[in-house]
1. Helix 54-63 against the longest principal axis of the chain: what's the angle in degrees, Cα atoms only, rounded to the nearest 10?
2. Quick one: compute the contact order of the stretch 7-65, relative version, from alpha carbon pairs under 8 angstrom and 6+ residues apart, as a percent.
3. Give the relative contact order (percent, whole number) for the stretch 254-339; include only Cα pairs under 8 Å separated by 6+ residues.
4. When ranked by the protection proxy of mean other Cβ atoms within 10 Å per residue, highest first, what sequence do the peptides 89-95, 45-51 form?
5. When a/c is below 1.5 the answer is rounded, else prolate if a/b is larger than b/c, else oblate, so apply that to the stretch 7-65 with a ≥ b ≥ c taken from the square roots of the Cα gyration tensor eigenvalues.
6. Where a Cα-Cα gap under 18 Å defines reach, which aspartates and glutamates qualify for Lys319, not counting those fewer than 8 residues away within the same chain?
7. Sorted by packing (mean other beta-carbon atoms within 10 Å per residue), highest first, where do 266-274, 109-117 land?
8. Before rounding to the nearest 500, sum -39500 (n - 2.57) across all DSSP H runs of length at least 4 in the chain and divide by the residue total; then give [θ] at 222 nm in deg cm²/dmol.
Amino acid sequence: MKETIKSDIRRLSKDALEMLMKENNWPRYRADQIWEWVWTKQRVTFDQFKNLPKDLVGFLETNFTILPVTVDKVQKSIDGTIKSRMKLFDDHLVESVLIPVQNDKRFTVCVSSQVGCSLSCAFCATGQMKRMRNLDASEIYDQVALVNKQCLETYDHPLTNIVYMGMGEPLLNYANVLSSIDHISSPKGLGMSPRRITVSTVGIAKMIRKLADDKVRFNLALSLHAADDVKRSTIMPINEQNNLSTLMDALTYFHKTTGNRISYEYIAFDNFNDTLEDAENLLKYCKLFPVRVNIIEYNNVSGVNFEKSKASRLDQFAKYLTQRGVMVTVRRSRGKDIDAACGQLANKG
Ligand code: SF4
């Protein structure tokens, strides 16, 4: 007989769990207890739920399962960055990266939201993989919880920030991404403020508007990378349906509705998007709402014909913007030696 595949109990919302208890004649507080075991204490087998009666444990074992993410491989960079390859229940692999800035006591995890990616940005290693599936909210949550543990063990400090900038496009896995953030920021989950969470998108105007309508409390980063449509469409096919003017309208709406922080990510490619004319184009998009620009050093990805900008050019580019009142940070790459830097995640191992 074919075995029925049981569903992860963590797919249930709190309301659904309470309803399940009610329908099966268990008191409502049992839902609170189960919730705490799976989300706060992160136990992965039902027999560890010590305050539940045996018959309820049996009921859960018969009808549900828990499918935790496990750490499959860890690589540490000379600069302290740690890349973890995470294994999902169906043997798919995703990567999460811990980026420590010890002087600032800033410990950021970069998490993945999809296995692979469908968007084929020209500079990105993940884009060379096919999109296999979306991650569940619990699978995103587990990445954060596991890296938080790693951060405490290695740096004696908990995570301070989370960025959804790993494998995949978060806004194409909208419901799970939002649900994971609810769990991460809940006091019954990891209790991290949504203000310390940034979701990075290549720019899907309709979904940016939806974020605003859903009144999210986290920050948004747009992977801009070029400030004119022709160039941007060359490296990011998504720009053909979501051009810069549509995106700027959506971001303006997001800013007006939520007041949350917006930033632009801008990978500098030699002689492609790093001239003063490019900086001038970018400046136009920095005047619509308050925005911070993060200029990122490009990291080589095999099979990609881009070179990183020369340091002097990059500095000139940044100076052009700062002199005109734009908040700019130039990010030298982290974790390059272990392929953990921006755009390099591809389960190479
Ligand atoms: S940059 Fe992001 S959206 Fe583009 S291919 Fe890579 S993972 Fe996908």
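Just so you know, all these numbers are worked out from the coordinates, no wet-lab data involved. Worth saying up front: this structure is predicted, and the values here are computed from it rather than measured. Glycine gets a Cβ as well: all are built from the backbone with ideal geometry, and neighbour counts include every protein chain shown.
1. Around 50 degrees separate the two axes.
2. Answer for the stretch 7-65 is 37 percent.
3. 35
4. Descending packing order for the listed peptides: 89-95, 45-51.
5. Rounded.
6. List returned: Glu265, Asp270, Asp274, Glu277, Asp278, Glu280, Glu297.
7. By packing density, highest mean first, the sequence is 109-117, 266-274.
8. -9500 deg cm²/dmol
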